[in-house]
Amino acid sequence: PGIVLVLVVIYAITYCYRYPARDIRRIESVSKSPLLSHLTESVTGLDTVLVFGADRRFLRKNLELVGDVAQAFYTYWATTGCFTVYLEVFGTLVLLLVAVLLVYARHHIDAGAWGLALQYAISLPRQIMWLARQMAELEVEFVAVERVVEYGRLPAEGTEAAAGLHLPESPLDAACDSASASTATSSPTSPPASSAADTACGPSVLGAALTAPHLEAGVIPALEMQDVVLQYHCTAAPVLRGVSLCVAPGRKVALVGRTGAGKSSVLGALLRLYPFHGTVRIGGVDVAGLSRQRLRRSVRV
């Protein structure tokens, strides 16, 4: 009966520890991702950060993220320390109870049994507490496996090609092939001759609301975007807000802007890396009507 009582009390202490420890470890793991991402972006765009004098702002953001990780880290170890203290105190109480009972029954127990009982009273609770601690830590550390499973359950992109389906030939392939052939036959040292298509779209600036000029008859823009709105998460602010642009065939276009302005997001919308609202056409072909595999095989990046 005494062993059963010890097991019940240790299980109750472990039960009260495992749930908060598991949730705190999950918070710690989740809070590390923004810190590592911010650190990587800061190191990659260090020159841009220094040029625009945003080093103090990035430092404050980094300290905030470090504080979030440290808060979860120290809370977890405080919880673990409290759990250890409770187990040690209970083990000491069990040892004290056994010693008191042995002293009370000293006239009915010989010295050998007395010593054996004390030895077991010292070692057995500690072994049971070690087993309880290991079981609780095993469940807590499985948060890492939980995050891997969470990423593995993310919805995948379209798998038309992976499923072995036959995709019909797209007009975009022919447009890209002809563009590559014309580039190969043109002289690399001489600039392309200006034409009506070169000036059809006119200059444009990446911004919140751009309008595409009218094209001349028979001219198909190489790239056309109309009212494109892109956001990485349903609760996040849009990265691209109603962007419209038009690029004539044969033109070279550079997107210039600070870190986070949305330059890479334009390429993400072009390759359908992220869901977006609006229309994107390449060579007059709407990319929404193409499979992702066909689109990314046809567009050279």
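Computed values, structure above
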{"read-out": "In order through segment 50-62: 3J(HN,Hα) via Karplus (6.51 cos²θ - 1.76 cosθ + 1.60), integer Hz, x for Gly, Pro", "value": "6, 4, 8, x, 9, 5, 5, 5, 5, 5, 4, 5, 5"}
{"read-out": "Per-selection Kirkwood Rh - segment 30-86 (Cα, Å, 1 d.p.)", "value": "12.9 Å"}
{"read-out": "Separation of the Glu150 and Glu64 label points, Cα + 7 Å toward Cβ, nm", "value": "2.1 nm"}
{"read-out": "Contour excess over end-to-end distance, with Cα ends at Ile3 and Ala78 and 0.36 nm allotted per residue", "value": "24.1 nm"}
{"read-out": "Calculated from backbone phi, Karplus (6.51, -1.76, 1.60) coupling profile of segment 63-79 in Hz, x at Gly/Pro", "value": "5, 4, 5, 5, x, 5, 5, 5, 4, 5, 5, 6, 5, 5, 6, 5, 5"}
{"read-out": "Rounded FRET efficiency, nearest 0.05, which uses the C-beta distance separating Leu96 from Ala261 and R0 of 41 Å", "value": "0.05"}
{"read-out": "Karplus-derived HN-Hα couplings along segment 91-97 (A = 6.51, B = -1.76, C = 1.60, θ = phi - 60°), whole Hz, x at Gly and Pro", "value": "x, 5, 5, 5, 4, 5, 5"}
{"read-out": "Ordering of 270-279, 290-299 by packing [mean C-beta count within 10 Å, highest first]", "value": "290-299, 270-279"}
{"read-out": "Cα extents of segment 1-152 along the three principal axes, largest first (Å)", "value": "87, 33, 21"}
{"read-out": "√(5λ) per eigenvalue of the Cα gyration tensor, segment 216-298, largest first, Å", "value": "22, 16, 12"}
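Only the coordinates and a few stated rules stand behind these numbers; no lab work does. Note that the coordinates shown come from a computational prediction; the quantities given were computed from them, not determined experimentally. Positions of Cβ are generated from backbone atoms using ideal geometry, with glycine treated the same way; all protein chains shown enter the neighbour counts.
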